[in-house]
Structure formats: C-alpha cells, structure tokens
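Nothing in this text is a laboratory measurement; each read-out follows from the coordinates by a stated rule. Please read these numbers as outputs of a predicted model, since none were measured by experiment. Glycine gets a Cβ as well: all are built from the backbone with ideal geometry, and neighbour counts include every protein chain shown.
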Amino acid sequence: MAVVGLILIGFTIWRSPVYSFHPTCTYTVNARVIADVDIEGEKLSAAVVHQNSRSRRWIAMMNSAGCQQQYGDALTYRLSDDRVLIIPSRLCRAGERALAQDGQVDILRVCTGKEAVQGSAFMVDFATRPGKWRTVTNGVDFRIIRMTAASTWSNPTDDIASIAPNLLKSAFTYDRNQWWYSPERIINFQRRYNEVRHRPGNSFEFEVQYEKF
C-alpha cells in the first residue's frame, strides 16, 4: 500500500501545473481564460491557461523575479489585414477572489472601473513583419464581447506561436516608465530570448517601435 501511495503522490505531482509543489514559487490562479472580441466587424476568439506565479513569502525578497510565467499572459488575435491584437489575460483582484470562491468568474461583470485590467490592450501593425505597436482601448478601438475564467489543472499555455510566431522574435521598445503598459511585459522576455539566442549577437529579429499607426 505504501508503494501505491507513493506512486499516486508522484503521479499527482507530475500531472500538476508548474509551480504547484515548487519550494520557492507558488500561485493562486491557474485558469483557462477565454475572450471573444469584435474589432471593426471581425469577431475573433482566443483562449489561454493563465497562472499568476510568484515567489513564496519566505523568499520573496531574494527571488522576486524568479517565478515568472512564460506562457498564458497574453490573448492574441490575428486580424484579416495581418494586424495583431494583444489583450492581457491576468485577472483583477476581485476576479481572483471570485475564482477562488466559485472556480469560475465572468471577468467583464466582476472586473469593472479601475479593476478593469483588460481595458487597455495593444495592437501590432503586422504579424508577419512586426514593426510598430500602440495601445488600444476596450470599447473604443475594439470590444470584448465575452471574457471568462475557469480554474483548471492544466499547465499554462497560449497560441502566440501558432497565431503570430514572429512576436516571439521581437523586442518591443517603449517610452520611459511605460514598460508595465507594453507588450514587452506580457510576452515573456526569456521565452522570446530563447527563440533568438542562436542568432548572431543573440539579437532579436524584429524591433517593434512604440508608435501610432
């Protein structure tokens, strides 16, 4: 029986989302986020598994940036004219509380006003050859029709590699103090660096400038 128990424990750990049993990293949200949007008459849908991974309290001061999640922070939509809409997938605090209580949450209903973290998003000019990006606003430049989250036991994932793979070969420039409100933050740097590290000088293939277009 002890052997069976150990096997079951090992299987549970193996099937668990990343950082579930990590000694220095943890999370409170591991959810499948689905969002349908309407932009200039095009109706598109995207889904990710998002995890809000972070350091455990006991080591947070020394490991504040050591638990970054490489997947699932950005919902991506490729338009018919090759533009790409990027929407952050993280939940507001009220949404996180609702998810913890009910296992699911209607993000548009719960995350409103200043809590509406999905209100600001980003547009890239071309998926094939990204060169410029700008900020866009829900309700003005596009409209989120539906956005929900449901707890899942799956690992974080997204479809950037299939929707707009060249975004993973890009560096996004931004103005001073703008990093938090740029694609550079929500498309993980280490993941992008892994895509280009074999290039001469480890350089990114595309430099995407912050500029209106």
Estimated [θ] at 222 nm from DSSP helical runs (n ≥ 4, -39500 (n - 2.57)) normalised by residues in the chain, nearest 500: -5500 deg cm²/dmol
For the range 17-210, radius of gyration divided by Kirkwood radius, i.e. Rg to Rh on alpha-carbons: 0.96
Antiparallel bridge percentage (DSSP; both residues within the range 104-213; nearest 5): 55
The chain, dipole about Cα centre (Lys/Arg Cβ +1, Asp/Glu Cβ -1), debye to the nearest 20: 620
Most positive-pole-ward Cα, A171, V84, S53, against dipole of the range 17-210 from beta carbon charges: S53
In the range 72-175, chymotrypsin sites (Phe, Trp or Tyr not before Pro) in a DSSP loop with at most 13 other beta-carbon atoms within 10 Å: W153
Proximal lysines to K212, defined as alpha-carbon separation beneath 19 angstrom and excluding residues fewer than eight positions away on the same chain: K132
The range 64-138 - charge dipole about Cα centre, Lys and Arg +1 at Cβ, Asp and Glu -1, debye rounded to 20: 200
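Counting trypsin sites (Lys or Arg not before Pro) as exposed when in a DSSP loop with at most 13 other beta carbons within 10 Å, what is the longest stretch of the chain free of them?
1-175
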